[in-house]
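Just below is one structure, and these are the notes that go with it.
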Amino acid sequence: MKITTVQTRIYECQLNRWLGDVNNPGGWKTHITLIVTLETDEGVSGVALGSVAARDHIHAIANGLLVGEDPRGVRGLWQKMNDHVFKAGNRGVVGSAVSTLDVALWDLKAKLNDEPLWKTLGASEPRVRVYGSGLDMPLNDDQLREFYESIAALGINTGKLKVGLNREDDLRRLQIMYDALSKSGKQPVMMVDSNEYWSPKQAISHIRAFEEQFELLWAEEPARRWDYHGLRKVSDNIRAAVSSGENLNELHEYTLLIQNHAVDVIQVGSGAGGITGALRVAELAYAFELPVSLMNCPANFMAHVAAAIPNHITMEYLGAGRDQAMHVDNHIEDGWIILGDAPGLGFTFDEEALAPLIVETPSPAPRSGRRVGAGLYQLPADPSELPG
C-alpha cells in the first residue's frame, strides 16, 4: 500500500446567503476551495478541501514527502511534514498545505479500515452538539431572523452573532437572534464574536452592555489572538467565557494562551495542523480541564473529530450551502450532528453535478484584512459596503 500521486481541482459555487463579519461587513457570497485527492496503488483515495493559495505547496509536499509512503501511518507522516517545514513554521499557506494533506490522509486511513472516521478515531457515539453561526454581519433584520429561525427548526437553541460595528445595532440583533432561537422550544443560548476588532477595554465596555440584557455563553476573539494579557483582562471583567484559537496555527500558540489563563474555551479547526493537529490541541486543553469547540467546515467533516474529543462542548454549524455537488453522510437532529457509517470523512462528490463547478482560474477573493480603526475607534459600515 503506497501513495502514488496527488491531484487538485478548483471548485467554485455561489452560497445560499451572504457571509461577513465586522472586518468585512459587505461580505461575500462566492465559495472557492481546492479539492485535494491522494491516490494509492490499491485504488483507494483520500480527499480533503483546502486553500487554492496553498496549491503549489500541497503538490510540493505530497510529491516530495508522501508519494511512495504507506498512508496508514498518519501521525508519523504528519510529523514528517512538520519537520520538513520547521524553519518557516507550520503556518500560512505552508501550514494550510500540511493541514489539508493530513485531513486527506485521515480520510484515506478510515476508508482503508472500511469505517467512518469517528470509529477510526475511537469515538463511542456518532453525534456532536452543534450551534448555529450566521457569519451574519451582511444580513438585514429579516434575513437574520429567517436564518436563526431555520436553525431553531433543526432543534438548535444556541447561536453566535457577529458584532462590533455599532452597539445599538448589536443589541437589536441579539434580541432578534434570541427570539428566533426561542422557537426551538428550548432556552436560547447565545454567543458573540467580534473577530479581534476591539481593544480589550472596548471589548469589556461593549460586552458588559450586552450582559445587562442577555446572558452570554462566550465572547469570541474579544482581543487579538496572541494577546494573552488582553484576553485575560477581558475574561476577568465579564461574566461570559472568553473563546479564541480559530486563527492559531501551531500547538505552542495555544500553549501560551493556556499558560497565561487567557481563554476559557479553546477553538480549533482543521487549519491548525489538520486533524492530527486539532487532536493535539484538544489533548492539551484536556490536560488543563478546558473545553474545546470545533470550527465550521463544509459537509461538517470535522464532526468526526469532535465526536472523539471528550472535552468537546459544541461545534459551529454554518449551513450556507458549501456542500453543493456533495453526498453528505450526516444530518442534524434535535440540535446534534448525527454522523453516518460511510467510510472516511462522510462526504463524496457527485462528479456530474461537480463538473460545471470546476474552474481553471477562481474569481477574485473577497476583501480581507483587519478593518480600518480596529482597536482604536469604531467605524460604522458604509451603506455602499453592504449587499443590495
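Taking the criterion of being touching a Lys or Arg at 6+ places or on another chain (Cβ under 9 Å) and surrounded by 23 or more Cβ atoms within 10 Å (Cβ to Cβ), the only residue of region 42-65 that qualifies is Gly46.
Being in a helix (DSSP H, G or I) and under 20 Å from the mean Cα position of the chain (by Cα) is a condition met by no residue of region 368-388.
Per-residue answers, yes or no, for (1) in the same structural domain as Gly132 (by TED's automatic domain parsing); (2) in contact with a Ser or Thr (Cβ under 8 Å, 6 or more places away or on another chain); (3) among the basic types (Lys, Arg); (4) more than 30 Å from Val192 (Cβ to Cβ):
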| site | (1), (2), (3), (4) |
| --- | --- |
| Tyr11 | no, yes, no, yes |
| Leu19 | no, no, no, no |
| Ile32 | no, yes, no, no |
| Val36 | no, yes, no, yes |
| Gly50 | no, yes, no, no |
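Here the helices (runs of 4 or more DSSP H) wholly within region 91-152 that include at least 2 residues being at pLDDT below 95 are 92-112.
Residue count for region 349-388 satisfying the condition of being β-branched (Val, Ile, Thr) and either in contact with a Lys or Arg (Cβ under 8 Å, 6 or more places away or on another chain) or assigned by TED's automatic domain parsing to the domain that holds Asp141 (or both): 1. If you go through region 1-24 and keep only what is at pLDDT below 95 and either touching a helix residue (DSSP H, G or I) at 6+ places or on another chain (Cβ under 8 Å) or hydrophobic (A, V, I, L, M, F, W, C) (or both), you end up with just Met1.
Taking region 74-130 as the range and being closer than 27 Å to Pro291 by Cβ and of a type in the set (Asp, Glu) as the test, the residues that pass are Asp102, Asp107, Glu125. Is it the case that region 309-320 has a residue that's at positive phi, of a type outside the set (A, V, I, L, M) and surrounded by fewer than 13 Cβ atoms within 10 Å (Cβ to Cβ)? No: zero hits.
Look at Gln187 and say whether it is free of Cβ contacts under 8 Å to residues at least 60 places away in the same chain, assigned to a loop (DSSP other than H, G, I, E, B) and not assigned by TED's automatic domain parsing to the domain that holds Gly26. Criteria met by Gln187. Number of residues in region 71-82 that are over 15 Å from Ala60 (Cβ atoms), part of a helix (DSSP H, G or I) and free of Cβ contacts under 8 Å to residues at least 24 places away in the same chain equals 2. Consider Arg55 carefully, then state whether it is within 27 Å of Ser363 (Cα to Cα), part of a helix (DSSP H, G or I) and basic (Lys, Arg). Answer is yes for this residue. Being under 20 Å from the mean Cα position of the chain (by Cα) and modelled with pLDDT of 95 or more is a property that holds for His31.
This table checks each residue for (1) at positive phi; (2) surrounded by fewer than 22 Cβ atoms within 10 Å (Cβ to Cβ); (3) assigned to a helix (DSSP H, G or I).
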site: Trp198; (1), (2), (3): no, no, no
site: Arg208; (1), (2), (3): no, yes, yes
site: Ala219; (1), (2), (3): no, no, no
site: Val234; (1), (2), (3): no, no, yes
site: Ser243; (1), (2), (3): no, no, no
site: Ser270; (1), (2), (3): no, no, no
site: Thr276; (1), (2), (3): no, no, yes
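In a residue-by-residue description of region 218-239, the property of being farther than 27 Å from Gly373 by Cα and assigned by TED's automatic domain parsing to the domain that holds Ile151 applies to no position.
Scanning region 281-305 for residues that are in contact with a Phe, Trp or Tyr (Cβ under 9 Å, 6 or more places away or on another chain) and part of a helix (DSSP H, G or I) gives Val281, Leu284, Ala285, Pro298, Ala299, Asn300, Ala303, His304, Val305.
For every residue, the table says whether it meets (1) exposed (fewer than 11 other Cβ atoms within 10 Å of the Cβ); (2) within 19 Å of Arg322 (Cβ to Cβ).
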residue: Thr348; (1), (2): no, yes
residue: Ile358; (1), (2): no, yes
residue: Thr361; (1), (2): yes, no
residue: Pro364; (1), (2): yes, yes
residue: Asp382; (1), (2): yes, no
residue: Glu385; (1), (2): no, no
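The values are calculated or read from the model by the stated rules, or taken from the named source; none is laboratory data. Since this is a predicted model, take the numbers as computed values, not measurements. Every residue, glycine as well, gets a Cβ built from its backbone with ideal geometry; the counts of neighbours run over all protein chains shown.
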